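To keep things clear, I will list the structure first and then write my remarks on it.
The values are calculated or read from the model by the stated rules, or taken from the named source; none is laboratory data. Every value quoted in this text rests on a predicted model; they were computed, and no experiment measured them. Neighbour counts run over all protein chains shown; Cβ positions are idealised from the backbone, glycine included.
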Amino acid sequence: MSANGKQKGWKDVPIGGLILEAGSSDKYETGDWRTYRPVWDQEKCRHCMICWIYCPDSSILVREGKVVGIDYKHCKGCGICAHECPAKCIDMRLETELEAGEAEGAGAGARCCAKSGGEAGGK
Ligand code: SF4
Ligand code: SF4
């Protein structure tokens, strides 16, 4: 639906696979695509940065050389970080299960890692 309330025609839909504006990837909140959510265990983390190196979406948030969370607005839930983590402190959990728990007020703290000023991200 367009801004003036009219139905969009096919010519109004942006062509896929094109970057129309430089440096715009931050605007695309690809976290909506996610089926599985990486849940990071701060207590077990060794801050080795392997997850940060491997994350294809620059979604591991780092501050002063330490992991501080995961940018859920952009993390697509690929699970590479969990696979590579030597301390096994990232657990891939189904979004639907976590959301159901959160709706009941028992979210297991899984939203604690939302983007909140980490310096690394690279977008
Ligand atoms: S790979 Fe695992 S242990 Fe290393 S920084 Fe990432 S979460 Fe922490
Ligand atoms: S699941 Fe892990 S590696 Fe994949 S995009 Fe999210 S934070 Fe990055």
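For region 5-51, a residue qualifies if it is among the charged types (D, E, K, R) and under 24 Å from VAL68 (Cβ atoms), and the qualifying residues are ASP26, LYS27, GLU29, ASP32, ARG34, ARG37, ASP41, GLU43, LYS44, ARG46.
Restricting attention to region 22-41 and to residues that are more than 9 Å from ligand 1 (Cβ to nearest atom) and part of a loop (DSSP other than H, G, I, E, B), the residue that is farthest from the chain's Cα centre (by Cα) turns out to be ALA22. Counting the residues of region 77-107 that are of a type in the set (A, V, I, L, M) and within 15 Å of ligand 1 (Cβ to nearest atom) gives 5. The residue of region 1-52 that is nearest to GLY77 (Cα to Cα), among those that are in contact (Cβ under 8 Å) with a residue 24 or more places away in the chain and of a type in the set (Val, Ile, Thr), is THR35. Of all residues in region 67-85, those that are small (Gly, Ala, Ser) have Cβ atoms under 6 Å from Cβ atoms of residues that are within 10 Å of ligand 1 (Cβ to nearest atom), 6 or more apart or on another chain, in ALA82/PRO38; ALA82/ILE90. Candidates in region 44-56 are the residues that are out of contact with any helix residue (DSSP H, G or I) (no Cβ under 7 Å at 6 or more places or on another chain) and of a type outside the set (Lys, Arg); of these, the one that is farthest from CYS89 (Cα to Cα) is ILE53. Tallying residues that are within 14 Å of ligand 2 (Cβ to nearest atom) and out of contact with any strand residue (DSSP E or B) (no Cβ under 8 Å at 6 or more places or on another chain) within region 40-67 yields 7. Looking across PRO56, PRO14, PRO86, one residue alone is under 18 Å from the mean Cα position of the chain (by Cα), loosely packed, with under 13 Cβ neighbours inside 10 Å and assigned to a loop (DSSP other than H, G, I, E, B). It is PRO56.
Of all residues in region 96-123, exactly one satisfies the criterion of being modelled with pLDDT of 50 or more and buried (at least 16 other Cβ atoms within 10 Å of the Cβ), namely LEU98. Picking from residues in region 59-76 that are part of a strand (DSSP E or B) and touching a Gly at 6+ places or on another chain (Cβ under 7 Å), the one that is farthest from ligand 1 (Cβ to nearest atom) is ARG63. One residue stands out among those in region 21-39 that are touching an Asp or Glu at 6+ places or on another chain (Cβ under 8 Å) and not aliphatic (A, V, I, L, M): the one that is farthest from ligand 2 (Cβ to nearest atom), which is THR35.
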